[in-house]
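Asker: Before I ask anything, let me first share the structure, which is written out below as structure tokens.
The values are calculated or read from the model by the stated rules, or taken from the named source; none is laboratory data. The model shown is predicted, which means the values in this text are computed figures rather than measured ones. Counting neighbours? That spans all protein chains shown, and the Cβs are built from the backbone with ideal geometry, glycine included.
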Amino acid sequence: MVIYPLSKNYWRERLSDVSKGLFQYPTAPDSPSPLLLAMLTLFALIAVCVLAMKRGERAALSLLLLWLIVPVALPLLLSQILNLPYVVRYLTPALPALYLLVAVGMQRAGSAALRTSSILTPVTLAGLTVTAVLLPVMGALYLSTLHDYFTRVTKEQWRDVASYIKTYAEPHDVLVISKQNVTRAYNYYARGNDLPDSVIPLPPEKVNDVEYEIGGANRVWLLLSHLPEEQQEQFKANVQGAGFKVADRKKYNGIDLTLYENE
């Protein structure tokens with residue numbers, strides 16, 4: 001997730017995406033459970049309250065809060081000053097502090113419930129019930145999100161794209177790739193591929209150069225990723241306008257791959 005500093009809704013996007021980013025990794029990347037996030041937040045707040053009330057543990061709380069806040073706030077501040085995009089992945093250094101707060105909150109809540117369990121008051125029963133229910137629910141939610149993570153495609157399928165092109169590419173084919181950073185991703189997984197003969201990185205601002213770049217080719221592979229739909233359609237229209245027709249098309253997670261043949 002990238003948040004651009006000049007975005008019209010930057011600050012609103014920042015708050016929602018930063019909060020989500022902090023809790024993506026405790027669950028599974030790209031598939032956070034809202035209920036699990038709320039429960040983790042609750043235990044972190046319990047830890048803050050408990051540690052703040054004990055003088056001997058306030059220093060530890062201060063250290064944890066600094067550890068949690070500085071890696072979040074500093075990149076945000078720099079992104080504003082230097083006019084750079086803010087990537088939610090920058091939150092990773094703050095995650096250990098968050099995990100420690102959640103662990104402390106769970107430990108203190110469980111200990112408090114056990115200490116007072118001998119006196120069965122309504123408050124005690126409520127505390128025991130909440131503790132007994134929350135922990136199994138958290139375990140079930142973790143299993144659910146991890147199952148989704150390991151059984152659902154969540155990452156861009158560059159390995160599959162490179163393998164498919166390697167299998168079906170022919171001599172004198174041309175591969176046009178929409179961006180330089182996309183070219184690096186493809187080249188990493190296409191190491192050792194002898195075909196296509198020509199790989200052309202073509203940024204969106206040079207989309208009108210497509211016809212010149214593919215001139216003389218019989219078959220053209222068009223690989224599009226990290227582009228708005230409008231720019232993708234412009235790439236495709238320019239290839240077809242150069243006298244090519246669609247021969248095959250594959251849709252991968254975050255990647256559009258089309259093979260064109262000369263008409």
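Asker: Just name the residue that is surrounded by the most Cβ atoms within 10 Å (Cβ to Cβ) out of those in the stretch 156-206 that are of a type outside the set (D, E) and in contact (Cβ under 8 Å) with a residue 60 or more places away in the chain.
Answerer: If we take residues in the stretch 156-206 being of a type outside the set (D, E) and in contact (Cβ under 8 Å) with a residue 60 or more places away in the chain, then V176 is surrounded by the most Cβ atoms within 10 Å (Cβ to Cβ).
Asker: Determine if the stretch 55-68 includes at least one residue that is of a type outside the set (G, A, S) and either out of contact with any helix residue (DSSP H, G or I) (no Cβ under 9 Å at 6 or more places or on another chain) or at pLDDT below 80 (or both).
Answerer: Yes, some residue in the stretch 55-68 is of a type outside the set (G, A, S) and either out of contact with any helix residue (DSSP H, G or I) (no Cβ under 9 Å at 6 or more places or on another chain) or at pLDDT below 80 (or both).
Asker: Another one. Name the single residue that is nearest to the chain's Cα centre (by Cα) among those in the stretch 223-237 being over 18 Å from V199 (Cβ atoms) and in a helix (DSSP H, G or I).
Answerer: In this case the residue turns out to be E229.
Asker: I need a count of the residues in the stretch 238-263 that are in contact (Cβ under 8 Å) with a residue 60 or more places away in the chain and part of a strand (DSSP E or B).
Answerer: The total comes to 6.
Asker: Can you tell me which residue within the stretch 167-197, out of those that are farther than 19 Å from V246 by Cα and of a type in the set (S, T, N, Q), is nearest to the chain's Cα centre (by Cα)?
Answerer: Here the residue is N181.
Asker: Continuing with the same structure: Please specify each residue of the stretch 195-210 satisfying the condition of being of a type outside the set (V, I, T) and in a helix (DSSP H, G or I).
Answerer: Those that are of a type outside the set (V, I, T) and in a helix (DSSP H, G or I): P204, E205, K206, N208, D209.
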